[in-house]
Structure formats: structure tokens, C-alpha cells
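The values are calculated or read from the model by the stated rules, or taken from the named source; none is laboratory data. Keep in mind the model is a prediction, meaning the values are calculated, not measured. A quick note on method: Cβ atoms are made from the backbone with ideal geometry, for glycine too, and the neighbour counts reach across all protein chains shown. Ligands, DNA and RNA are stripped out before the accessible areas are found, and what is left, the full protein with its side chains, is counted by its heavy atoms. Shrake-Rupley method; radii C 1.70, N 1.55, O 1.52, S 1.80 Å.
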Amino acid sequence: QVQLVESGGGLVQAGGSLRLSCVASGSSGSIGSINLMGWYRQAPGDQRKLVARITRDGATNYAESMEGRCTISRDNAKNTVYLQIDGLKPEDTAVYYCSAQTRVTYWGQGTQVTVSS
């Protein structure tokens, strides 16, 4: 099983940047053995939506709304996945969740990102 802990969220002014981190642990928590890691977000009253994904080999894909504004990366030695978000907008306000896709998909508790105008 995989445990995921996100951090790095907070209150940021529009136009600012954040770097979110997700640290994996547990019996299957070596991300070098997990092909697909990702970040999703969920705003109040909305569905959880994809932000970015990254494979073991470093292939990435992003939501259209995030293309050009965020970068997902992974450091297998540190068992950590990162999400760098630049040019934050108020509509980016949401809880951001880390995910690990194995036999099942694991989720972290989330980290709150609030962007003020």
C-alpha cells in the first residue's frame, strides 16, 4: 500500500507561484516502482479534475487550463513528486491531491491552494 502526504499549499496572490510536494511511503511507496503519479484538484461543489500526470519514464501531460503554467516532476531517490505552478489565478483555488496509480489508485489528504485577487 501507498501513503501520500502533500505539502506546499497556502494563500497566494494572483500571479504568484507555488511548489507543491508529495512524499510517498508505505509497503509499496517507492515511486520508482510506480509508473503513474499525478496531481488533481477539487474546488468546492466541483468534481476532482486532472492537473498533471507523469510516468516513470518522465512523460507528462497536463490539463488544458494548466498547460504552460505548471510543471510536474519526480525525484525517485527522494520518493517525491512535485508540482510547480506559476501565474496562479483565482480560479486555481482548490484542494490539490497527489495520486499514485498501482493496482488501485491511492490519494493523499490534499493541500489547500487559495489564490487571492
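Tabulated data
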{"read-out": "Failed condition for V95, given (1) aliphatic (A, V, I, L, M); (2) open to solvent by less than 20 Å² (accessible area, probe 1.4 Å); (3) under 17 Å from R48 (Cα atoms)", "value": "(2)"}
{"read-out": "Conditions (1) within 17 Å of V5 (Cα to Cα); (2) out of contact with any Lys or Arg (no Cβ under 6 Å at 6 or more places or on another chain); (3) not β-branched (V, I, T): number failed by Y62", "value": "(1)"}
{"read-out": "Matching option when the condition is of a type in the set (A, V, I, L, M), at pLDDT 95 or above, outside any strand (DSSP E or B) and closer than 16 Å to T114 by Cα, among L88, L83", "value": "L88"}
{"read-out": "Subset of the stretch 79-96 (residues that are within 17 Å of E67 (Cα to Cα) and either of a type outside the set (G, A, S) or touching an Asp or Glu at 6+ places or on another chain (Cβ under 6 Å) (or both))", "value": "Y82, L83, Q84, I85, D86, L88, K89, P90, E91, D92, T93, Y96"}
{"read-out": "Output for the stretch 5-33, where each listed residue is within 15 Å of T105 (Cα to Cα), at pLDDT 95 or above and among the β-branched types (V, I, T)", "value": "V5"}
{"read-out": "One residue from R103, R74 being closer than 16 Å to L36 by Cα, free of Cβ contacts under 8 Å to residues at least 60 places away in the same chain and crowded, with 18+ Cβ neighbours inside 10 Å", "value": "R74"}
{"read-out": "Residue in the stretch 32-39 that is open to solvent by 20 Å² or more (accessible area, probe 1.4 Å), in contact with a Phe, Trp or Tyr (Cβ under 9 Å, 6 or more places away or on another chain) and not β-branched (V, I, T) present", "value": "no"}
{"read-out": "Of all residues making up the stretch 80-92, the number that are within 14 Å of L20 (Cα to Cα), out of contact with any Leu (no Cβ under 6 Å at 6 or more places or on another chain) and open to solvent by less than 40 Å² (accessible area, probe 1.4 Å)", "value": "5"}
{"read-out": "Strands (runs of 3 or more DSSP E) enclosed by the stretch 1-66 - at least 1 residues per element that are under 17 Å from Q101 (Cβ atoms) and among the aromatic types (F, W, Y)", "value": "36-42, 60-62"}
{"read-out": "Close pairs from the stretch 1-13: first free of Cβ contacts under 8 Å to residues at least 40 places away in the same chain, partner surrounded by 15 or more Cβ atoms within 10 Å (Cβ to Cβ) and not charged (D, E, K, R), Cβ under 7 Å, at least 6 apart", "value": "none"}
{"read-out": "Flag for G45 being closer than 26 Å to T93 by Cβ, exposed (fewer than 14 other Cβ atoms within 10 Å of the Cβ) and touching a Lys or Arg at 6+ places or on another chain (Cβ under 9 Å)", "value": "no"}
